[in-house]
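Participant: Take a look at this one; I'll ask things after.
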Amino acid sequence: MRRLKKNNILRIVICVILSVCLLMGSVTFINADEVNLNGKSAILIDTATGEVILEKNSHEKLPPASVTKVMTMLLIMEAMDSGKISLQDKVTISKSAESKSTEGTRLLIEAGEVRTVDELLTGIAVESANDACIAMAEYISGSEEEFVKLMNKRAQELGMNDTTFKNCNGLHIDGHETSAYDIALMSRELIKHQKIFEYVSKYMVDVYIGKNNDVKRSLTNKNKLVRFYQGFIDGLKTGYTRQAMYCISVTAKKNNLRLITVVMGAPDVTSRTKDVLTLLNYGYANYSNYSIAKSGDIIAEAPVSKGDRNYIKIISKDDISLLTKKGDDKNITKEVVIAEKLVAPIEKNQQVGEMIIFKDGKEVKRYPLVSDTAVAKSSFLVNLRKSLEYWFGTGK
């Protein structure tokens, strides 16, 4: 690749000095000793960049209780995105999934009952229903055992190296463990699916269960923070067992900055809530988000040779933003680099360049830039038309 020069459409350089704070990609771990936390472990991360803002024993392996369901919900959302399942699909409840066969919090479903994916997902997200988790695990993978294998495979793909799942709902089993850091990773992945907020942010919802759909249940979200901090905290999942104590993964958004905080092993609900608010207040008091580009934003235009079109628009593949520390003004520059020569065929969303972020002249991160459309290899007739357009000045 070559660096493109300013004001030349074939050699574009976009270099803008931004008044921002804190270089991206090098936010250091700040020990949580500077704030008072009650939980055994905790973490606060920026959702956009994944940067760790503050942590306490964030890689300590601990039982997560029902926070396990973050991974269960993630696999449900990914199965929907792939077209494998839909919200309207009807799920027949098995003997092993019915309430009588499970412990803890339940939706109270019976064997032979038919529920939709939408209803079961509501039960998982709001009621933290263990029976609904097993029903969905069986529907997606055929059995809970196979679904747990999928959970562990996905955990490894996400870099959750502290995690071993042994069930889909978080009921205590020796060896079923994860860390605050890993929970933050899977929580960040889950909320990329915007539709999940329609479930995890609900405080109260009525559902009808029973073989005749004649049993009304009013579900109340176990995460009371979505009610008391409505418009600020909009998810994600609580958990409790005697062994795990009180755990939670929370996501909140304020002033274009979305944060995730995880607390594990708090002694009681009050302490857990205090830790969450302490972490979020720390984050919003000290950090902000500077948005450079949104996914799909047009960054540049470049010529294509031997294609059925002459130019393509080059767009940002991902959201590009900086986590900035308030009061620490550092110069950040960005530069667009596009391939030396673009030759058809080109696929839609094929990487054709990069946006490079610099701090004080030093590179800190690269983001892919992609084609907004596919370009097929041109035919003889297309080449002839292009030649005529070139010679007679009628084409671009």
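The values are calculated or read from the model by the stated rules, or taken from the named source; none is laboratory data. All values derive from a computational prediction rather than experimental measurement. Glycine also receives a Cβ, built like all others from the backbone with ideal geometry; neighbour counts cover every protein chain displayed.
Participant: Among the residues of region 33-60, count how many are part of a strand (DSSP E or B) and not hydrophobic (A, V, I, L, M, F, W, C).
Facilitator: Of the residues in that region, 4 qualify.
Participant: Could you list all residues from region 92-113 that are under 19 Å from H172 (Cα atoms) and over 30 Å from the mean Cα position of the chain (by Cα)?
Facilitator: Matches in region 92-113: S96, E98, S99, K100, S101.
Participant: Could you check G83 against (1) part of a helix (DSSP H, G or I); (2) free of Cβ contacts under 8 Å to residues at least 12 places away in the same chain; (3) not aromatic (F, W, Y) and say which number it fails?
Facilitator: All conditions are met except number (1).
Participant: Evaluate the following for E146: is it out of contact with any Leu (no Cβ under 6 Å at 6 or more places or on another chain) and either free of Cβ contacts under 8 Å to residues at least 24 places away in the same chain or outside the structural domain of I196 (by TED's automatic domain parsing) (or both)?
Facilitator: yes
Participant: OK, next. Kindly provide the set of residues from region 301-315 that are in a strand (DSSP E or B) and surrounded by fewer than 20 Cβ atoms within 10 Å (Cβ to Cβ), ordered by number.
Facilitator: Answer for region 301-315, where residues must be in a strand (DSSP E or B) and surrounded by fewer than 20 Cβ atoms within 10 Å (Cβ to Cβ): E301, P303, S305, Y311, K313.
Participant: Can you pull out every residue in region 153-178 that is touching a strand residue (DSSP E or B) at 6+ places or on another chain (Cβ under 7 Å) and either assigned to a helix (DSSP H, G or I) or on the phi > 0 side of the Ramachandran plot (or both)?
Facilitator: Answer for region 153-178, where residues must be touching a strand residue (DSSP E or B) at 6+ places or on another chain (Cβ under 7 Å) and either assigned to a helix (DSSP H, G or I) or on the phi > 0 side of the Ramachandran plot (or both): G170, G175.
Participant: Now for a different question. What pairs come up if the first residue lies in region 258-287 and is of a type in the set (A, V, I, L, M, F, W, C), the second is part of a loop (DSSP other than H, G, I, E, B), and their beta carbons are under 6 Å apart, counting only those six or more places apart or on different chains?
Facilitator: Every condition considered, the pairs that remain are I260/T47; V263/G39; M264/G39; M264/K40; A266/N38; A266/G39.
Participant: For residues that are of a type in the set (S, T, Y), surrounded by fewer than 19 Cβ atoms within 10 Å (Cβ to Cβ) and assigned to a helix (DSSP H, G or I), tally how many sit in region 279-294.
Facilitator: So the answer is 1.
Participant: So which of K237, K211, K195, K253 is over 15 Å from the mean Cα position of the chain (by Cα) and among the basic types (K, R)?
Facilitator: Sole residue among the options that is over 15 Å from the mean Cα position of the chain (by Cα) and among the basic types (K, R): K211.
Participant: Another question, then. Looking for something at pLDDT below 95 and in a strand (DSSP E or B) - is there at least one such residue anywhere in region 61-74?
Facilitator: For region 61-74, residues at pLDDT below 95 and in a strand (DSSP E or B): absent.
Participant: Would you kindly identify the strands (runs of 3 or more DSSP E) lying entirely within region 192-278 that contain at least 3 residues that are in the same structural domain as L158 (by TED's automatic domain parsing) and crowded, with 23+ Cβ neighbours inside 10 Å?
Facilitator: Hits in region 192-278: 233-241, 245-254, 257-266.
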